[in-house]
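For reference, the structure is listed below as structure tokens.
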Amino acid sequence: VILMVLVDYVGGIASVPGWLKHAPDIGLTVADLVAPAFIFAMGLTYGMSFGRRAAREGLGKTYYHFIARFLAIAGIGAIFTAGAALVAPGEARGAWSVLQAIGVAGLITLALIRTGTLARLLGGLALLVAYQLVLDRFWLSQVLSSSHGGLQASLGWGAMLLISTVLADLFHRAQRGRFVYVAASAALLAMGVLASLVVPLSKNRVSLSYVLISVAISALVFLAFDVFSRRFSLRLPLLRWWGRNPLLLYVIHILLLVAQLLPGSQRWYAGAPLWSAFAQFAAEFAVMSLIAWRLDRAGAHVKL
């Protein structure tokens, strides 16, 4: 979520180098890996969260809860998208947001979450291939004209989340070592690299090669962080504060971002020099971290 806030902020600043922003279409930048990292993090706990709630409340109530949760996330995204279109029509490209993409991806994954690991892997890959075929033949112009690919590209995000739950199964089942997890991640990365020779690597299209490469990188980076943090007993309270209320903090960030779309912001935001942009983001990050700390200290955790 912290990286999503950073990427959203620097995206509209002209002085920020391109490798810190999303690629305009074909290509891969550091910023293009942030949303997949968030999707992967969702996948790490999706199955366990569903299983615990089902054991406690039964399948019917659990399905209702998850459906309501993801519809609410998509609804919040729709509200902010509509608000951005009203505040700055020229800046709102496509009536779709990352929260809407996450909401639909969560609903797609819900349909297969009770199936086995292999079934989810095959389902995710089949969905991804089918989406790529339809994208190439019918949907390309609509997907490219929408932020985060629009409703159609939610199939790609859904496939990414399904594959993430598969890697999560492998990670949580491994008692000694992570060989199977690493091998599966490496295999997905190799498949993605090979696919990029035929299918353009593009976050804007949520292409097959992008999904495979980005989810594999997310998995390997997460493993490296997990090993490092365990090896050195790393404690990062800042991440805990943010992790307790990620959706609320992201919503607060969107509200703060609205000011950067208002008329007259060109001079102090989009046209800001690097030092000014850094200072503005540092101030926003400090305020949000203070809010996160206060909420955590008060035991206030906002959940859907």
Go through (1) charged (D, E, K, R); (2) more than 25 Å from Phe80 (Cα to Cα); (3) not in a loop (DSSP other than H, G, I, E, B) and name the single condition Arg235 misses. (3)
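For the structure I just gave you, tell me whether Phe281 is of a type in the set (A, V, I, L, M, F, W, C), open to solvent by 40 Å² or more (accessible area, probe 1.4 Å) and part of a helix (DSSP H, G or I).
Against the criterion (of a type in the set (A, V, I, L, M, F, W, C), open to solvent by 40 Å² or more (accessible area, probe 1.4 Å) and part of a helix (DSSP H, G or I)), Phe281 does not qualify.
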Check region 205-220 and report whether any residue there is open to solvent by 10 Å² or more (accessible area, probe 1.4 Å) and either free of Cβ contacts under 8 Å to residues at least 40 places away in the same chain or farther than 27 Å from Trp139 by Cβ (or both). yes
In this structure, does Thr115 turn out to be assigned to a helix (DSSP H, G or I), within 21 Å of Thr165 (Cα to Cα) and at pLDDT 95 or above? no
Between Gly264, Gly299, which is within 25 Å of Gly243 (Cβ to Cβ), exposed (fewer than 12 other Cβ atoms within 10 Å of the Cβ) and more than 24 Å from the chain's Cα centre (by Cα)? Gly299
Does region 236-244 contain any residue that is under 25 Å from Leu151 (Cβ atoms) and either of a type outside the set (A, V, I, L, M, F, W, C) or touching a Pro at 6+ places or on another chain (Cβ under 8 Å) (or both)? no
Within region 165-204, can you find the residues that are hydroxyl-bearing (Ser, Thr, Tyr), touching a residue at least 40 places away in the same chain (Cβ under 8 Å) and assigned to a helix (DSSP H, G or I)? Thr165, Tyr181
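The values are calculated or read from the model by the stated rules, or taken from the named source; none is laboratory data. Values in this document were obtained by computation on a predicted structure and should not be read as measured data. Heads up, the Cβs are rebuilt from the backbone with ideal geometry, glycines too, and the neighbour counts pull from every protein chain shown. We work out accessible area using only protein heavy atoms, side chains counted, and drop any ligands, DNA or RNA first. Shrake-Rupley method; radii C 1.70, N 1.55, O 1.52, S 1.80 Å.
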